[in-house]
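Worksheet for the structure shown next.
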Amino acid sequence: MTARTVFLDRDGVLIRELGFVTHPKQIEILPGVPGALALLRRQGFRLVVVTNQSAIARGLLTEEALARIHADLRARLLALDPGAFWDAVYFCPHHPQEGHAPYRIDCTCRKPRPGMLLRAIAEHGLDPARSWMIGDSPRDVAAGREAGCRTAALPGPDGACPPGADLQAASLADLAARIIASPRGGDKGP
């Protein structure tokens, strides 16, 4: 495994946190996101979105509708900056207490568990020791740590960064610059 990666939560990191996004018209790309993604790509990072989407379990959204939302988001990012694109999106449609079968389960992919990250690592030959997880909640930090990644945090809905992250910043653009400037260009270990 050699590829270094930045895993990105979607809501609160790439787009404004609105609760349940069920239609592309609800997407509001956060300031600086296209440039930050392009900067990370230019520095050799792969980008993988990992997002809990319990709206599917709750019957508010289908997997097909989620795919359309992600296609629209990707197209809008590319229109803003040709380097602003991701290599893959992984989502967890489950919830342990809410919703309906087959999505109402206690799964291993729902953050704070690392299942989505571990699946991406295995499927794409990614190196967790050379990778980062960026999120805005304690569950993002926990999933990144469990997967063996370094972690970076943005302020959550309460305005505070989740504790325990290796880096914290007010914006994705600032985090991207700090990750690149970190020792060994984002690599960890000897």
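The values are calculated or read from the model by the stated rules, or taken from the named source; none is laboratory data. For clarity, every value in this text was computed on a predicted model and none was experimentally measured. All Cβ positions, even for glycine, are placed from backbone atoms using ideal geometry, and neighbour counts span all protein chains on display.
Numerical summary
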| read-out | value |
| --- | --- |
| Residue check, ARG16 within 30 Å of GLN97 (Cβ to Cβ) and without any contact (Cβ under 8 Å) to a residue 40 or more places away in the chain | yes |
| Any hit, segment 176-187, residues being surrounded by 18 or more Cβ atoms within 10 Å (Cβ to Cβ), at positive phi, at pLDDT below 95 and among the small types (Gly, Ala, Ser) | yes |
| Positions within segment 115-136 being over 17 Å from ASP166 (Cα atoms) and either in contact with a helix residue (DSSP H, G or I) (Cβ under 7 Å, 6 or more places away or on another chain) or among the polar types (S, T, N, Q) (or both), in sequence order | LEU117, ILE121, LEU126 |
| Failed item, numbered, when GLY159 is tested on (1) crowded, with 20+ Cβ neighbours inside 10 Å; (2) at pLDDT below 95 | (1) |
| Among (1) part of a loop (DSSP other than H, G, I, E, B); (2) more than 25 Å from LEU175 (Cα to Cα), the one test that ARG68 misses | (1) |
| The one condition in (1) buried (at least 16 other Cβ atoms within 10 Å of the Cβ); (2) farther than 15 Å from ARG4 by Cα that CYS149 fails to fulfil | (2) |
| Flag if ALA122 is within 25 Å of ALA67 (Cβ to Cβ), of a type in the set (A, V, I, L, M, F, W, C), over 15 Å from the mean Cα position of the chain (by Cα) and not in a loop (DSSP other than H, G, I, E, B) | yes |
| Within segment 1-21, considering residues that are among the hydrophobic types (A, V, I, L, M, F, W, C) and surrounded by fewer than 18 Cβ atoms within 10 Å (Cβ to Cβ), the one farthest from the chain's Cα centre (by Cα) | MET1 |
| Test for GLU28: is it in contact with a strand residue (DSSP E or B) (Cβ under 9 Å, 6 or more places away or on another chain), under 18 Å from ALA170 (Cα atoms), among the charged types (D, E, K, R) and without any contact (Cβ under 8 Å) to a residue 40 or more places away in the chain | yes |
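Results for (1) at pLDDT 95 or above; (2) closer than 23 Å to ALA147 by Cβ; (3) surrounded by 19 or more Cβ atoms within 10 Å (Cβ to Cβ), shown as yes or no for each residue.
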residue	(1), (2), (3)
GLN43	no, yes, no
ILE56	yes, yes, yes
THR62	yes, no, no
HIS95	yes, yes, yes
HIS100	no, no, no
ARG104	yes, no, no
PRO114	yes, yes, yes
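Each row is one residue, and each column tells you yes or no for (1) touching a residue at least 12 places away in the same chain (Cβ under 8 Å); (2) within 18 Å of ASP87 (Cβ to Cβ); (3) charged (D, E, K, R).
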| residue | (1), (2), (3) |
| --- | --- |
| VAL33 | yes, yes, no |
| LEU37 | yes, yes, no |
| PHE45 | yes, yes, no |
| VAL48 | yes, yes, no |
| ALA55 | yes, no, no |
| GLU64 | no, no, yes |
